[in-house]
Structures are given as C-alpha cells and as structure tokens.
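**Q** Mind looking over this structure? Questions follow.
The values are calculated or read from the model by the stated rules, or taken from the named source; none is laboratory data. As the structure is a computational prediction, the values presented were derived from the model and not from experiment. With ideal geometry, Cβ positions are generated from the backbone for all residues, glycine too; neighbour counts draw on all protein chains shown. We work out accessible area using only protein heavy atoms, side chains counted, and drop any ligands, DNA or RNA first. Shrake-Rupley method; radii C 1.70, N 1.55, O 1.52, S 1.80 Å.
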Amino acid sequence: MPDGSRLDDAAVQERLARVDDLLATVEQAPGPTADAAMESVQILIEVYGEALGRVVDLGGPLARTLAQDELLKHLMVLHEIHPDPVAERVRQAIDDVRPHVESRGGQVELTEVAGNVARVRLTGVHGSCSSTSADVARAITETVLALVPEVAEVDVAQPATPSMIPVDAVLSRARGSARRQT
C-alpha cells in the first residue's frame, strides 16, 4: 500500500474474493482481449511466485517464520515453495487437534502421507454414543484439510469395535443348554 499500512486478513479475503469475481467475468467474455487478460494474470502469478520463491530461498530459517503468516503460508503452498514438507505440516495439524482427541480418551498418530492422501490411526475414543468416534475422525480430517491444502483425503483408520453380546443372552443360552442336558 502506498501509505505503508498493511491489509488485515479480512481485507485480504475481500480483495481475493473480488479478484475471483472479476476473473470469472473475464473468463466468460469471448475473444482475444479476455484471453490476453487471463494470460496476463497467469504470468503475474508466475512472476510473483518466483519472487516469493527467491525470498524463501534467501530467507533460510526465516522462511519458516514467514510461513506462520496465514497469507504467506497460502501463497507458499500455492506456489509449491512452502519450507516444510507436506508430511511435517500434516504432523503439525495432528498436533493441533490432539488435545481434542485426547479429551475424548483417544490417541491419534500419522502413519503415512502417500501422494495427496494422509493416513492417520485413531484409537481409544470413549463416548456415550457411537457418533463420538465419527465426530473425532471428522475433526481430524477437517483440521488436516484446512491446514494442508495439498492433502485431498484423510484416511482415519480406527480399530474395529468388538461386538458385545448382552449378558442376559449369554445367561439364557447357558440355562437353556443346562436344561437340555438334564
């Protein structure tokens, strides 16, 4: 900005939404002028991405600090120059959601990131209803997808819940078996 002030996150979001609307309008317009406008935008994105990439390269450890800023982090992901590998960022996302999982008696661990799929193991979730485990799995998935946009899918593996046979059914079978034997 010419006066040296910075946009807050809300102002950035407003501008990005406006750019998206304008680009949608340009994409719908036929002809060489619209094509030239779209090509200009693509070239600007590439050049600015290269500039940001150079900042990341020159920044060394500072690049990780820069990646803490929400806007810069998204730009680094967009241009595939984030200083932390995807698996490390998935681990960080899991660490962020871990207190929620543990508050429900569970444990969560990253088992693998393969391509754009993160595989996670969830164990020990307690709750009064069967949806508790599904709610925790959904929280894990949403957290990872929000913080690591390169991941397209989160596979949350949960051990099978053993089937419970009601005690009354076991006792009635045992009584019935005892009567037949007499």
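**Q** Could you list, in sequence order, the residues of the stretch 31-42 that are more than 16 Å from GLU80 (Cα to Cα) and either in a helix (DSSP H, G or I) or under 31 Å from the mean Cα position of the chain (by Cα) (or both)?
**A** Taking the stretch 31-42 as the starting set, the residues that turn out to be more than 16 Å from GLU80 (Cα to Cα) are 31-41.
PRO32, THR33, ALA34, ASP35, ALA36, ALA37, MET38, GLU39, SER40, VAL41, listed by residue number.
**Q** Right, another one. Taking the stretch 133-144, which residues are loosely packed, with under 15 Cβ neighbours inside 10 Å and among the aliphatic types (A, V, I, L, M)?
**A** Once the filter is applied, which keeps residues that are loosely packed, with under 15 Cβ neighbours inside 10 Å and among the aliphatic types (A, V, I, L, M), the stretch 133-144 yields only ALA134.
**Q** As an exercise: evaluate PRO162 against (1) surrounded by 10 or more Cβ atoms within 10 Å (Cβ to Cβ); (2) at pLDDT below 75 and give the number of the one condition it does not meet.
**A** Here PRO162 meets the rest and fails (1).
**Q** Oh, and also: Can you run down the residue pairs with Cβ atoms below 6 Å, 6 or more apart or on separate chains, where the first is in the stretch 141-160 and in a strand (DSSP E or B) and charged (D, E, K, R) and the partner is open to solvent by 60 Å² or more (accessible area, probe 1.4 Å) and at pLDDT 95 or above?
**A** ASP155/ARG119
**Q** Restricting attention to the stretch 62-73, which residues are without any contact (Cβ under 8 Å) to a residue 60 or more places away in the chain and either acidic (Asp, Glu) or open to solvent by 70 Å² or more (accessible area, probe 1.4 Å) (or both)? Let's see the steps before the verdict.
**A** Step one: of the stretch 62-73, the residues without any contact (Cβ under 8 Å) to a residue 60 or more places away in the chain are 62-69, 72-73.
Once the filter is applied, which keeps residues that are without any contact (Cβ under 8 Å) to a residue 60 or more places away in the chain and either acidic (Asp, Glu) or open to solvent by 70 Å² or more (accessible area, probe 1.4 Å) (or both), the stretch 62-73 yields LEU62, ARG64, THR65, GLN68, ASP69.
**Q** For the stretch 88-132, how many residues are open to solvent by 30 Å² or more (accessible area, probe 1.4 Å) and either touching a Pro at 6+ places or on another chain (Cβ under 9 Å) or not basic (Lys, Arg) (or both)?
**A** Taking the stretch 88-132 and keeping what is open to solvent by 30 Å² or more (accessible area, probe 1.4 Å), we get 88, 91-92, 95-96, 98-100, 102-105, 107, 109-116, 119, 121, 123-131.
Subset that is either touching a Pro at 6+ places or on another chain (Cβ under 9 Å) or not basic (Lys, Arg) (or both): 88, 92, 95-96, 99-100, 102-103, 105, 107, 109-116, 121, 123-131.
Number satisfying all stated conditions: 28.
**Q** Separate question: Can you name the number of the only condition in (1) more than 23 Å from GLU153 (Cβ to Cβ); (2) outside any helix (DSSP H, G or I); (3) hydroxyl-bearing (Ser, Thr, Tyr); (4) modelled with pLDDT of 90 or more that THR111 fails?
**A** (1)
**Q** Out of (1) out of contact with any strand residue (DSSP E or B) (no Cβ under 7 Å at 6 or more places or on another chain); (2) within 18 Å of GLU150 (Cβ to Cβ); (3) surrounded by 14 or more Cβ atoms within 10 Å (Cβ to Cβ); (4) not aliphatic (A, V, I, L, M), the odd one out for GLY59 is which?
**A** Every condition holds for GLY59 apart from (2).
**Q** Please enumerate the residues belonging to the stretch 36-56 that are open to solvent by less than 100 Å² (accessible area, probe 1.4 Å) and not small (Gly, Ala, Ser).
**A** Kept after step one, since they are open to solvent by less than 100 Å² (accessible area, probe 1.4 Å), are these residues of the stretch 36-56: 36-38, 40-45, 47, 49-53, 55-56.
Passing the criteria: MET38, VAL41, GLN42, ILE43, LEU44, ILE45, VAL47, GLU50, LEU52, VAL55, VAL56.
**Q** Return yes when LEU7 is touching a Lys or Arg at 6+ places or on another chain (Cβ under 9 Å) and farther than 25 Å from GLU150 by Cα and no when it is not.
**A** Yes, satisfied.
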